[in-house]
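K.L.:
There's a structure below that I have some questions on.
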Amino acid sequence: MERELRDAAPHELFEKVRDVLTRDHGARSAELLMADYASARLQPVTAQPFTAESVSALDSPEGRAFGSQQPHVVDVGDGVVVHLPVSVRGDRQGVLSVGYAAGAYDPALLGPLTDVAAALGHEILVADRDTDVFLQARRAKRLTLAAEMQWQLLPGRACSRPEYDLGAQLEPAYAIFGDCFDWSASADHLTLTVNNGMGEGIDAALLTSLAVSALRNARRAGLGLEDQAALADQALYGQYQGRLHLPMLLLRFALDTGEVEVIDAGSPRLWRLRGGAVEQVALEAQLPLGMFEDSVYTCQRFRVLPGDRLFFLSDGVYDVMSPAGEPYSRHALSRAVMNTRLLPPSQVPRALLELLAGHRGGIEAADDAMVLCLDWHGRAGTEQGEP
């Protein structure tokens, strides 16, 4: 199966999967649905974009498989449909739905079908380099140019490793400005950056793109967190001379110990759920990146414990006011964090942003918003406790 997928043309990848399912697994039909940028709809992959109806990613049979990340078998009267999550290392891409005639489905097929869905997910990531077919299928409507630039910067929307699980979401997904996140994992560390945007449209997207690229350049050169911040600061100041700057939070987690290096460069806020209590993590505020020439940045340190859940929020979240004038970060955020505590991190950002819309009372958002959720498990067999 994997060999056939590797040999398929990128734009014909799903057609190859459908052929294999009907030929080798006795299926009568197969459909691939991709999660849209807002993670609200599942969009069918078709020969032409937007030519088939999407389904809800929340309250449909396909959405049940997408949300639970478990296969969901549905009796449809004249047969059975098996909905299988298509994911790569925790990043939920969509759902593969495989139909069987009455009496043709054997539960023993579920394992091989799950393997097919997993192989398809990995091949889609590779195919995205060479075709727009799957990217087009993710779109419930056209993205703005700024949103196109922002989404191309992102590493994904979720990631799972034994030491942690994380998920993130940007809103409004089809017209975001400058809010962004990035992460990279090595054998011993997780590096994570989140930023508020500054400005609107293309200007905001260009500013964020320059900052993220500078940070990646420094990280890939093996520089420490302080030098990464300094290099990005110099890149932004050299381009904008302080006219534009970028608030950012930079973190580096030691997977063995849970020790975290952090630089709060006028950043998004960090909140922690530990032992049933929600609290903001107090950090020493430093200058936003690019505000002044040759700014010097220093790391603070704290430690995360197994079972901790961290939230990273842009100002488009914590500064939002209710119709009664209550900031979201004061009481509503604590309620939202507790209400979503049983959801996996990949689902939490979408749920929080929906609760945020309710907090606004139907008023249209004045700013874009970013939520990133990180569950810390720690590394088995290592000491991870309070410093």
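The values are calculated or read from the model by the stated rules, or taken from the named source; none is laboratory data. Treat the numbers as computed from the prediction; the structure is a model and nothing was measured. Quick reminder, even Gly has a Cβ in these numbers, built from the backbone with ideal geometry, and neighbours come from all protein chains shown. We work out accessible area using only protein heavy atoms, side chains counted, and drop any ligands, DNA or RNA first. Shrake-Rupley method; radii C 1.70, N 1.55, O 1.52, S 1.80 Å.
K.L.:
Treating only the Cβ atoms of Lys and Arg (+1) and Asp and Glu (-1) as charged, compute the dipole magnitude of the chain about its Cα centre; round to the nearest 20 debye.
P.N.:
360
K.L.:
Another question about this same structure. Simple spin-label model, 7 Å along Cα-to-Cβ: Thr382 to Gln241 in nm?
P.N.:
4.6
K.L.:
Hey, if you put +1 on the Cβ of every Lys and Arg and -1 on every Asp and Glu Cβ in the chain, which of Trp151, Asn195, Gly121 ends up farthest toward the positive end of that dipole?
P.N.:
Gly121
K.L.:
With the full set of protein chains in place, find how many percent of the accessible area of the chain is carbon and sulfur; take the probe as 1.4 Å.
P.N.:
That fraction is 49 percent.
K.L.:
Using 0.36 nm per residue, how much length does the chain from Ser322 to Glu2 gain when fully extended, once their Cα-Cα distance is taken away?
P.N.:
110.1 nm
K.L.:
Sticking with this one: For Cα pairs less than 8 Å apart in space and 6+ apart in sequence, what is the mean separation divided by the residue count of the range 195-301, i.e. the relative contact order in percent?
P.N.:
Relative contact order comes out at 30 percent.
K.L.:
Here is a further query. Using a 1.4 Å probe, how large is the accessible area of Tyr37, given in Å² and rounded to the nearest 10?
P.N.:
10
K.L.:
So, taking all protein chains as they sit and a 1.4 Å probe, how much accessible area belongs to Met248, in Å² rounded to tens?
P.N.:
0
K.L.:
Compute the Cα gyration tensor for the range 22-174, then decide on rounded, prolate or oblate, letting a ≥ b ≥ c be the square roots of its eigenvalues: rounded whenever a/c is under 1.5, prolate when a/b is larger than b/c in the other cases, and oblate in all that remain.
P.N.:
prolate
K.L.:
With every protein chain kept in the model, how would you rank Glu284, Glu261 by accessible area, 1.4 Å probe, largest at the top?
P.N.:
Glu284, Glu261
K.L.:
I've got another one for you. Are there any trypsin sites (Lys or Arg not before Pro) in the range 95-139 that are in a DSSP loop and have at most 11 other Cβ atoms within 10 Å? List them by number.
P.N.:
Arg129
K.L.:
How much FRET efficiency would the formula 1/(1 + (r/R0)^6) give for Ala104 and Leu125, where r is the Cβ-Cβ distance and R0 is 45 Å, rounded to 0.05?
P.N.:
0.90
K.L.:
While we're looking at this one, here's another question. Going out from 0 in 10 Å bins, what whole percent of all Cα-Cα distances in the chain drops into each bin?
P.N.:
Each 10 Å bin holds this share of Cα pairs: 5, 22, 30, 25, 14, 4, 1, 0.
K.L.:
Shifting gears a bit: Taking 7 Å along the Cα-to-C-beta vector as the label spot, tell me the Leu223-Ala282 distance in nanometres, rounded to one decimal.
P.N.:
About 3.1 nm, to one decimal.
K.L.:
Could you tell me which residue out of Ala185, Ala285, Gln300 lies farthest along the dipole of the range 179-311 toward its positive end? Charges go on the beta carbon: Lys and Arg +1, Asp and Glu -1, centred on the Cα centre.
P.N.:
Of Ala185, Ala285, Gln300, it is Ala185.
K.L.:
Just check the range 123-273 against the gyration tensor rule for me: Cα atoms, a ≥ b ≥ c as the square roots of the eigenvalues, rounded for a/c under 1.5, and otherwise prolate or oblate depending on whether a/b exceeds b/c.
P.N.:
Taking the square roots of the gyration eigenvalues as a ≥ b ≥ c, the range 123-273 is oblate.
K.L.:
Determine the gain in length on full extension of the stretch Ser56-Ala9; use 0.36 nm per residue of separation and subtract their C-alpha separation, reporting nm with one decimal.
P.N.:
14.0 nm
K.L.:
A further question follows. Calculated FRET efficiency, Leu305 and Leu153, Cβ-Cβ r, R0 22 Å, to nearest 0.05?
P.N.:
0.10
K.L.:
I need to check one value: relative contact order of the range 1-105, counting alpha carbon pairs closer than 8 Å and at least 6 residues apart, in percent.
P.N.:
This gives 24 percent for the range 1-105.
K.L.:
Can you list the residues of the range 87-104 with backbone N under 16 Å from a point 7 Å past the Cα of Val73, pointing along Cα to Cβ?
P.N.:
In the range 87-104, the label zone of Val73 (backbone N under 16 Å from the point 7 Å along Cα→Cβ) covers 97-104.
K.L.:
Can you give the accessible area per residue of the chain, in Å², using a 1.4 Å probe?
P.N.:
44
K.L.:
Going by accessible area, probe 1.4 Å, with all protein chains left in place, what is the ranking of His83, His122, His189, largest first?
P.N.:
Of His83, His122, His189, the descending order of accessible area is His122, His189, His83.
K.L.:
For the chain, what does the relative contact order come out to in percent, with C-alpha contacts under 8 Å and a separation of six or more?
P.N.:
Relative CO of the chain lands at 14 percent.
K.L.:
Does the range 132-189 come out rounded, prolate or oblate by the C-alpha gyration tensor, with a ≥ b ≥ c the root eigenvalues, rounded set by a/c under 1.5 and, if not, prolate when a/b is larger than b/c and oblate if not?
P.N.:
The shape class here is prolate.
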